[in-house]
1. In square angstrom, what is the accessible area per residue of the chain with a 1.4 angstrom probe?
2. Sort out for me the Cα centre separation of the range 332-375 from the range 424-442, rounded to whole Å.
3. Quick one: what are the phi-derived ³J(HN,Hα) couplings along the range 147-164, Karplus 6.51/-1.76/1.60 with θ = phi - 60°, whole Hz, x for glycine and proline?
4. Once the Cβ-Cβ distance between Ala118 and Thr430 is put in as r, and R0 is 60 Å, what FRET efficiency do you end up with, to the nearest 0.05?
5. Apply the Karplus curve 6.51 cos²θ - 1.76 cosθ + 1.60, θ = phi - 60°, to the phi angles in the range 10-25 and return the couplings in whole Hz, x for Gly and Pro.
6. Apply the Karplus parameterisation 6.51 cos²θ - 1.76 cosθ + 1.60, with θ equal to phi minus 60°, to every residue of the range 302-314 and state each ³J(HN,Hα) to the nearest whole Hz, in sequence, with x for glycine and proline.
7. Obtain the nm distance between the two label points defined at Ala328 and Val84 by a simple spin-label model: each point lies 7 Å from its Cα along the Cα-to-C-beta direction.
8. Taking amide hydrogens as modeled 1.01 Å from N in the peptide plane, which residues meet the under 5 Å criterion relative to Glu38, leaving out close sequence neighbours?
Amino acid sequence: MRFAASPDDVLDRLAALRERDAPTHGGHVLSYVYDSGEPELDEVAAAAIRAMQPVNGLDPTTFGSVAALERDLVAFARDLLGGVEEVDGEPVVGSVTSGGTESCLLAVKTARDAWLAARGERPGAARPRLVAPVTVHAAFHKAAHYFGLELDLVPVLPGGAVAAADVAARLAEPGDVALVVVSAPSYPHAALDPVADVAQLTVARGVPLHVDACIGGMALPFWPGLPAWDLRVPGVTSLSVDLHKYGYAPKGVSVLLHRGRDRQRRQYFATTRWPGYPVVNPSLLGSRSGGPLAAAWAITQVLGRDGFATLAERARRATGALRDAVAAIEGLRVVGEPVGPLLAVAGDDAVDPGRRVDPHRWADAATARGWVLQAQPAHAQADGSRLPHTTHLTVTPVTESVLGELVPALVAAADEVRGAPRPDVTDLLTGMPDGDLDSGTAAALLGTLGLDGSRIGADGPGVGAMAPLLAALESVPAPVAERLLTELLARLVEPR
Ligand SMILES: *Cc1c(COP(=O)(O)O)cnc(C)c1O
């Protein structure tokens, strides 16, 4: 047949677009991407995706390869995360999902359905609580929103971990709690929540406990000196781990494990009440790709446990080196006691304001030097305390090989902005409404913040300086900030 364009031309256009992206390899982007530093792993992942390309993961009875790969991947995660032993006749079972968010959504949906079933309630008729530290990943906010739970957020200590006693206070009347969640570690501060202490509380009250190990699950098993945090802890009823993070697989693959078959079966959706094929979905999607599953499977087979240990060790050394380097920079401090290959950096209030480094200005200065750091907003907790605004660094095995360039760049970036206060956004915010915004108003306000959706990406990755944007987002009511961000992203993909 005659094509509208030659495949080569189309692929050239794709390559040109990809060239303008932030670099996915080489450790220059310290969030989003997880570079093992081993090109062979990318090659085997690509070949595995190619082999699975035409398959539909919707039906593992028609495509038995999907079942075989999923079985292996669940077994790999279960064995790594302390789930080999049965407890009270309950094995650990699980499934592969499209990512951390889907694993977290399903953990909540499963717990909610178990809670409803135990009370003979229908969805919507009752609103159970989801108790979690304020640092829990935003995916749980989404889950509470989608599945009709009340999100009951517990303040954390200044180091970023929750105190078990503060969780206990939320469980005084556990009858309406469908699930407690803790992180291993948390994304914002790399804090390892006290899993065993919280599990003692939940077991005593008959409440399920999910450990969100989306980011830590493939690395912490190789971190020395940690207290038990995985499925070995009695009372941990489910655990999520992302293979597309420290499993080094391309995006689109995570594992959700549950203790107990009957608990896990509530994750499924099955229906025979329509005139089409009988539907049985373990996850949120219907038709699904077998590609990321196959890629993750291939990588786990190639690396084995020892390979993951070697890569985690590289990331651990690099994280230690970065932690020391940041701690030595006047005006910055590392938040808490980070666990795993990530850390958060705040301004050091102990030094004179003239010598302090604003972490977001620092991130902008580092980005200008080619090292992309992630700005995180300050957060007011329910107890009146405030978590500082920070800059997040995700460290990967490849980071170790670029420390010689990265550390001097981080030092120079701090030198450049030391003493500069947070951007003053009061002017930008005059006349900022606090009610519902329509699309036109939101776009106009974005313009005053210097954000024009049609320009984004035109001058390289990102939306420009993060410090003023984050300061502005912190200063407006959350619904306004959320509406502005929605407008920004929605306009980005409107046909031009
Ligand atoms: C990344 C992450 C998630 C969500 O994962 P996505 O893969 O981005 O959907 C959940 N929890 C934690 C702790 C994470 O780091």
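1. 46 Å²
2. Measuring centre to centre over Cα atoms gives 28 Å.
3. 9, x, 10, 8, 7, 10, 8, 9, x, 10, 6, x, x, x, 8, 7, 8, 4
4. 0.70
5. 5, 5, 5, 5, 4, 4, 5, 5, 5, 4, 7, 5, 4, x, 7, 10
6. Whole-Hz 3J(HN,Hα) from phi for the range 302-314: 6, 6, x, 4, 5, x, 5, 5, 4, 5, 4, 5, 4.
7. Computed distance between label sites Ala328 and Val84 equals 4.1 nm.
8. none
The values are calculated or read from the model by the stated rules, or taken from the named source; none is laboratory data. Quick caveat, the model's predicted, so the values are computed rather than measured. Glycine gets a Cβ as well: all are built from the backbone with ideal geometry, and neighbour counts include every protein chain shown. Surface accessibility is based on the protein's heavy atoms, side chains included, excluding ligands, DNA and RNA. Shrake-Rupley method; radii C 1.70, N 1.55, O 1.52, S 1.80 Å.
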